[in-house]
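What follows is a set of notes on a single structure, which appears directly below.
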Amino acid sequence: MAEVLVYVDHVDGAVRKPTLELLTLARRLGEPVALALGPGAEATAAVLAEHGAVKVLTADAPEFADYLVVPKVDALQAAHAAVSPAAVLLPSSAETKEIAARFALRTGSGLITDATDLEAGDDGPVATQAVFAAAYTTTSRVSQGTPVITVKPNSAPVEAAPAAGAVEALTVTFGELATGTKVVSRTPRESTGRPELTEAAIVVSGGRGVNGAENFGIIEALADSLGAAVGASRAAVDAGWYPHASQVGQTGKSVAPQLYIASGISGAIQHRAGMQTSKTIVAVNKDAEAPIFDLVDYGVVGDLFDVVPQLTEEIKNR
Ligand code: FAD
């Protein structure tokens with residue numbers, strides 16, 4: 001059976017959920033070989049094996065310490081040479097998309113980013129993507145080199161599939177560019193205790209209808225009752241009511257959670273671009289004609305200041 005190389009996103013050995021989702025898809029294409037880099041790489045092996053990795057390649061070096069991209073491309077290239085995989089899969093993020101693009105260029109391979117599904121095809125993996133602000137769904141496949149595909153978080157379930165997970169150290173030779181950039185300072189964002197927006201299974205978003213930073217507490221309370229992340233429309237972000245890091249849409253983040261709840265958001269095309277592939281969409285809007293109602297699974301026509309707190313209470317009481 002063909003091997004499929006899976007790039008592991010982890011923090012000090014704790015594997016992030018999108019990588020486990022990716023293993024579910026990788027198993028459709030062949031035998032997953034995982035590549036874990038940096039501090040804690042070896043500690044990822046057990047959980048990766050539980051989710052189907054037949055082998056875990058690990059490498060740690062000072063070059064990986066500073067979140068720089070080029071050393072990781074060097075490592076991916078070394079893993080590619082060692083494994084000769086049928087495909088290279090990465091969980092989609094700003095960083096991994098840069099790694100994927102650089103790797104694809106170096107190896108003369110075709111690249112597909114932000115896939116939402118993967119199937120095995122006669123001529124290689126077939127990837128599904130939502131394009132043109134999610135107005136169309138396309139299926140494509142790479143016709144040159146090793147298919148390099150990044151997959152959006154929440155595109156597949158996490159499934160247990162115990163495999164050998166043999167750990168093997170990978171030797172990486174770093175090129176000149178690996179140390180061509182230096183991180184001079186790093187300011188961690190204050191933790192809200194909520195899940196990361198792009199990885200969350202549930203996202204609760206507020207828009208202009210929330211009518212002020214002080215009212216976002218209503219949105220946060222609903223989010224907390226569901227263990228959800230908080231998102232915002234650009235109108236809410238531009239007004240300074242919520243941080244830009246929480247903006248959902250064309251110029252914000254793209255999310256595809258199991259459940260997306262939009263309150264006081266009209267459903268402009270640029271907002272839809274970032275949330276239209278959510279599995280279930282619920283909207284609360286006082287205007288029955290708001291375009292958001294064209295794409296919802298469940299819509300509530302009403303004042304969010306009445307509806308959202310009631311919803312929160314109802315969920316808390318369950
Ligand atoms: P509005 O369109 O003003 O809608 C507010 C809604 O709240 C209305 O439907 C209203 O009926 C409802 N409402 C008001 N009060 C209440 C209440 N008390 N209870 C219930 N409902 C209420 N937008 C994004 O979101 N993300 C992006 O990434 C993004 N990128 C853009 C990029 C470009 C190049 C451009 C040109 C625009 C972009 N926009 C983006 C902006 C986008 O076009 C819209 O202006 C924006 O999404 C509107 O935000 P909104 O729905 O919160 O506000």
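The values are calculated or read from the model by the stated rules, or taken from the named source; none is laboratory data. Just so you know, these numbers come straight off a predicted model, no measurement behind them. Neighbour counts are summed over all protein chains in view; Cβ atoms, including those assigned to glycine, are modelled from backbone coordinates with ideal geometry. Accessible surface areas use protein heavy atoms only, side chains included; no ligands, DNA or RNA. Shrake-Rupley method; radii C 1.70, N 1.55, O 1.52, S 1.80 Å.
In table form, for the structure just shown:
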read-out	value
Test result for residue 256, open to solvent by less than 30 Å² (accessible area, probe 1.4 Å), under 25 Å from residue 93 (Cα atoms) and not in a helix (DSSP H, G or I)	yes
Checklist (1) without any contact (Cβ under 8 Å) to a residue 12 or more places away in the chain; (2) more than 9 Å from the ligand (Cβ to nearest atom); (3) part of a helix (DSSP H, G or I) applied to residue 245, failing item	(1)
Test set (1) among the hydrophobic types (A, V, I, L, M, F, W, C); (2) open to solvent by 40 Å² or more (accessible area, probe 1.4 Å); (3) closer than 30 Å to residue 268 by Cα - residue 167 fails condition number	(3)
Filter result for the condition that a residue is among the hydrophobic types (A, V, I, L, M, F, W, C), part of a loop (DSSP other than H, G, I, E, B) and open to solvent by less than 60 Å² (accessible area, probe 1.4 Å), over 265, 281	265
Answer from 11, 47 - the residue that is within 20 Å of the chain's Cα centre (by Cα), of a type in the set (A, V, I, L, M, F, W, C), over 30 Å from residue 144 (Cβ atoms) and surrounded by fewer than 18 Cβ atoms within 10 Å (Cβ to Cβ)	11
Residue pairs meeting the criteria (Cβ under 8 Å; at least 6 apart or on separate chains; first at positive phi, in the stretch 122-148; second of a type in the set (A, V, I, L, M, F, W, C) and not in a strand (DSSP E or B))	124/86; 124/142; 133/269; 133/273; 134/273; 145/104
Of all residues making up the stretch 204-218, the number that are away from the ligand (no atom under 11 Å from the Cβ) and either under 13 Å from residue 237 (Cβ atoms) or among the acidic types (Asp, Glu) (or both)	3
Flag if residue 63 is under 23 Å from residue 108 (Cα atoms), touching a helix residue (DSSP H, G or I) at 6+ places or on another chain (Cβ under 6 Å) and not β-branched (Val, Ile, Thr)	no
Cβ-Cβ under 6 Å pairs, at least 6 apart or on other chains, the stretch 155-169 side more than 17 Å from residue 35 (Cα to Cα), far side of a type in the set (Ser, Thr, Tyr) and in a loop (DSSP other than H, G, I, E, B)	155/116
Qualifying positions in the stretch 31-44 - surrounded by fewer than 24 Cβ atoms within 10 Å (Cβ to Cβ) and either among the acidic types (Asp, Glu) or in contact (Cβ under 8 Å) with a residue 60 or more places away in the chain (or both)	31, 42
Candidates 155, 143, 109 - the one that is among the small types (Gly, Ala, Ser) and open to solvent by 90 Å² or more (accessible area, probe 1.4 Å)	143
Number of positions in the stretch 195-242 that are assigned to a loop (DSSP other than H, G, I, E, B) and crowded, with 17+ Cβ neighbours inside 10 Å	10
Exclusive hit being within 14 Å of the ligand (Cβ to nearest atom), touching a strand residue (DSSP E or B) at 6+ places or on another chain (Cβ under 9 Å), small (Gly, Ala, Ser) and at pLDDT below 95, set 231, 274	274
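Rundown of residues vs (1) in contact with a strand residue (DSSP E or B) (Cβ under 9 Å, 6 or more places away or on another chain); (2) open to solvent by 20 Å² or more (accessible area, probe 1.4 Å); (3) not in a loop (DSSP other than H, G, I, E, B), yes/no style:
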| site | (1), (2), (3) |
| --- | --- |
| 73 | no, no, yes |
| 77 | no, yes, yes |
| 80 | yes, yes, yes |
| 90 | yes, no, yes |
| 96 | yes, no, yes |
| 102 | no, yes, yes |
| 113 | yes, yes, yes |
| 122 | no, yes, no |
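So that you can scan it fast, the table gives a plain yes or no per residue for (1) more than 6 Å from the ligand (Cβ to nearest atom); (2) hydroxyl-bearing (Ser, Thr, Tyr):
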position	(1), (2)
285	no, no
294	yes, no
298	yes, yes
310	yes, no
313	yes, no
